[in-house]
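Chemist: Input: one structure, supplied below.
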Amino acid sequence: MSGEATPAAPPGPVRPPPARRPFTLPIRWHLVVFAALVLVPQICLGVCLGGWYSDAENRRLEEQAVAASAAVRDQLDRELESMKAALQALATSPNAAVGDFAALRSQAERLLPQRKAMLSVRDREHRQVLNTLVPPGAPLPDGIDPALAAADERVFETDRSTVSDLFASSITKGLYTAVIVPLSAGDARYAMSMALPPAAVQDILIRTRLPDTWTITVLDAHDRVLARSREQARFLGQPAPARFAQDIAGRRDGMVHSVTGLDGTTQFAAFDTLDASDWRVVVGVPHAVLNAPFRILLVTIAAVALLALGTSAILARLYSLRLEREVTSLQAMAAATGSGRMAERRPGRVRELEAIAAALRASDASLLERNRTRDLLLAELNHRVRNTLSVLLSVVNQTIRSGGDDALARKAAGRVMALSRAHDLLSHAEWSPVAFSDLARRTGEEEGVPLRYEGPEILLRAEAVAPMAQVLHELAVNRRRHGRERVRPVVLRTALEADGVRIAWSLPEAEGRQPYLPGFGLRLVRMCLERQLFGRIERLDADGLEALMPLAFLSGEGMPSEPFAARWHTGAPA
């Protein structure tokens, strides 16, 4: 049999890549996520409602600004019309008709005591013939402001009353606006005006009682600030922002949604034009005020959302403690299933978890019953196998001894006992993997051969125990019968390599490199290592054995569950 061809070990099976472990979270985080999923739609709904409310509030404030500009316009119209009526009443008096300006002054001071310091009369050359700000008989100044002169020209051309733009008084040097009416004294024509200081217009604006953050501005026909509800001294006489003047040009009323005011703030502006003049009333609302409802609502919703989420997280954490205890008790029950040591757990309040606990108890009882039945069957099987091996051993001994060959009977009995040892180890291990070192130690003890195991431990699957037991028996018998030194132990060494596990049986004494004589023991070793375990013997002589074994066929790691016979290749030798 020394010339037999050694079959090549089949390639190991391709292992599938390990499944990726799914991402998991503890129960408390699942409860927190659940609470967040419940709250997030409500928060989104709140934000949508808040946006709708903010838009509605913006529209309300814009409409309020438009209404305020119209209300101020009406008040100014009434004030200017009352001044026109008073002036027209003076213009139709007999003193005016005959050009008696001294008597006209006295009449004006009697009829208009609250405006006596503001009456002026000018001729076609814009010379003043009467000014109540100058004492009677005192000389009157010659020049007047161009804005006032332009208003006088309109009166002379149309013979109708008008309202001037902002002008500077040649007497007080202060700024005024004036209501001017035509005056006829015989064949001469004059312009009679009543001056109105910006402070009087500002009083009307302040009486409107708008929010303090809002600003009411009155612009004259040339878009200069004539009066302002806030910071009038700072901005009086300044032109309106050029962009705003362009936006309102040619329009009597309307809105400008975004404009930079004189104070540098971005504002919403509503404007309206007076009927009595070309003045414009502008109500400015800062964008910060318009956006305040949404900003406050957004901060409120954010605070409420954070409070709700935080409270939900805390409550979910507290409630999860009970669930965690129940799940932990289920884990302990699952871990003890089939062991007979399942601890009782306190009844919980989650119906599904209680159903799982009941299922685990039923599984535990079923597994215990199956284990008991399995143990009985294994015990009966082991008993029958031992009886069978004993009967086989007796039959072999009696058969061979009847022929007078006691040596052959002992060889046959030893081989049967090697199978019996393998069966005993598998029985004690309940047919689970057996340590190679335990098999070697048991063989050395039974055969009376000192043996030392070196190298990594190899776990032999159940189907590999019997072939390896036969190999170790043959090697130990050969050592016991033919070895010279009996004190030094045999070394059984294992080493893991890329191609498998290397097994070496080394004798302590040097007996020469004489090959084993062909015989059944040699054939049995080769058959077990090469045919049953698909290994490759590299050396088998008087110094020992060295073989390379595929680890998969020894330990069964990564191998399918079919028996060895199902894994023979089609062309493998029998």
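Chemist: Tell me which residues, restricted to segment 213-245, are more than 19 Å from S164 (Cβ to Cβ), more than 49 Å from the chain's Cα centre (by Cα) and either in a loop (DSSP other than H, G, I, E, B) or aromatic (F, W, Y) (or both).
Modeler: Correct list: S229, E231, F235.
Chemist: Restricted to segment 145-168, and to residues that are buried (at least 20 other Cβ atoms within 10 Å of the Cβ) and touching a helix residue (DSSP H, G or I) at 6+ places or on another chain (Cβ under 9 Å), which residue is farthest from Q232 (Cα to Cα)?
Modeler: Checking each candidate, the answer is S161.
Chemist: Report every pair of residues separated by at least 6 positions or lying on different chains whose Cβ atoms are under 6 Å apart, first residue within segment 525-540 and in the same structural domain as A469 (by TED's automatic domain parsing), second in a strand (DSSP E or B) and surrounded by fewer than 21 Cβ atoms within 10 Å (Cβ to Cβ).
Modeler: Listed pairs, sorted by first residue: L529/I537; R536/L548; E538/E546; R539/E546.
Chemist: State all residues of segment 203-228 that are at pLDDT 90 or above and among the polar types (S, T, N, Q); if no residue qualifies, say none.
Modeler: T215, T217
Chemist: Just checking, which of A102, A70, A35, A85 is among the small types (G, A, S) and at pLDDT below 80?
Modeler: The match here is A35.
Chemist: Evaluate segment 199-215: report whether one residue or more is under 30 Å from I144 (Cα atoms), touching a Leu at 6+ places or on another chain (Cβ under 7 Å) and surrounded by 15 or more Cβ atoms within 10 Å (Cβ to Cβ).
Modeler: yes
Chemist: Another question about this same structure. For L210, are the conditions met, namely being assigned to a strand (DSSP E or B), farther than 30 Å from N95 by Cα, in contact with a strand residue (DSSP E or B) (Cβ under 9 Å, 6 or more places away or on another chain) and not acidic (D, E)?
Modeler: No; evaluated as a whole, the condition is false for this residue.
Chemist: Test V40 against the stated conditions and say whether it is over 30 Å from S106 (Cα atoms), touching a residue at least 60 places away in the same chain (Cβ under 8 Å) and surrounded by fewer than 18 Cβ atoms within 10 Å (Cβ to Cβ).
Modeler: Criteria not met by V40.
Chemist: When D405 is evaluated against the numbered criteria (1) surrounded by 15 or more Cβ atoms within 10 Å (Cβ to Cβ); (2) at pLDDT below 75, which criterion, by number, is the only one it fails?
Modeler: It fails just one condition, (1).
Chemist: Which residue is farthest from V155 (Cα to Cα), if the candidates are limited to segment 262-273 and must be out of contact with any Gly (no Cβ under 9 Å at 6 or more places or on another chain) and at pLDDT 90 or above?
Modeler: Per the stated criteria, the residue is T266.
For every residue, the table says whether it meets (1) over 14 Å from S193 (Cβ atoms); (2) surrounded by fewer than 19 Cβ atoms within 10 Å (Cβ to Cβ); (3) basic (K, R).
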{"position": "R78", "(1), (2), (3)": "yes, yes, yes"}
{"position": "E81", "(1), (2), (3)": "yes, yes, no"}
{"position": "L87", "(1), (2), (3)": "no, no, no"}
{"position": "A97", "(1), (2), (3)": "yes, yes, no"}
{"position": "A103", "(1), (2), (3)": "yes, yes, no"}
{"position": "R110", "(1), (2), (3)": "yes, yes, yes"}
{"position": "R124", "(1), (2), (3)": "yes, yes, yes"}
{"position": "A138", "(1), (2), (3)": "yes, yes, no"}
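Chemist: I need a count of the residues in segment 442-470 that are outside any strand (DSSP E or B) and within 56 Å of the chain's Cα centre (by Cα).
Modeler: Of the residues in segment 442-470, 8 are outside any strand (DSSP E or B) and within 56 Å of the chain's Cα centre (by Cα).
Chemist: Another question, then. Of these, G519, G500, which one is of a type in the set (G, A, S), in the same structural domain as A462 (by TED's automatic domain parsing) and modelled with pLDDT under 75? Don't jump to the end; show me each part of the working.
Modeler: On the way: G500 fails: modelled with pLDDT under 75.
One residue alone meets the criteria, G519.
Chemist: Next up: Hey, can you tell me all the residues within segment 543-574 that are at pLDDT 70 or above and not aromatic (F, W, Y)?
Modeler: Passing the criteria: D543, G544, L545, E546, A547, L548, M549, P550, L551, A552, L554, S555.
Residues are listed down the side, and each one gets a yes or a no for (1) at pLDDT 85 or above; (2) within 29 Å of A221 (Cβ to Cβ); (3) within 60 Å of the chain's Cα centre (by Cα):
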| site | (1), (2), (3) |
| --- | --- |
| S93 | yes, no, no |
| R110 | no, no, no |
| M118 | no, yes, no |
| N131 | yes, yes, no |
| D142 | no, yes, no |
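Chemist: Looking at segment 181-191, is at least one residue surrounded by 20 or more Cβ atoms within 10 Å (Cβ to Cβ), at pLDDT 90 or above and under 25 Å from D74 (Cβ atoms)?
Modeler: Checked segment 181-191: at least one residue is surrounded by 20 or more Cβ atoms within 10 Å (Cβ to Cβ), at pLDDT 90 or above and under 25 Å from D74 (Cβ atoms).
The values are calculated or read from the model by the stated rules, or taken from the named source; none is laboratory data. Small disclaimer: the values here were computed from a predicted structure and weren't measured. Because the Cβ atoms are built from the backbone with ideal geometry, glycine has one as well, and the counts that use them run over all protein chains shown.
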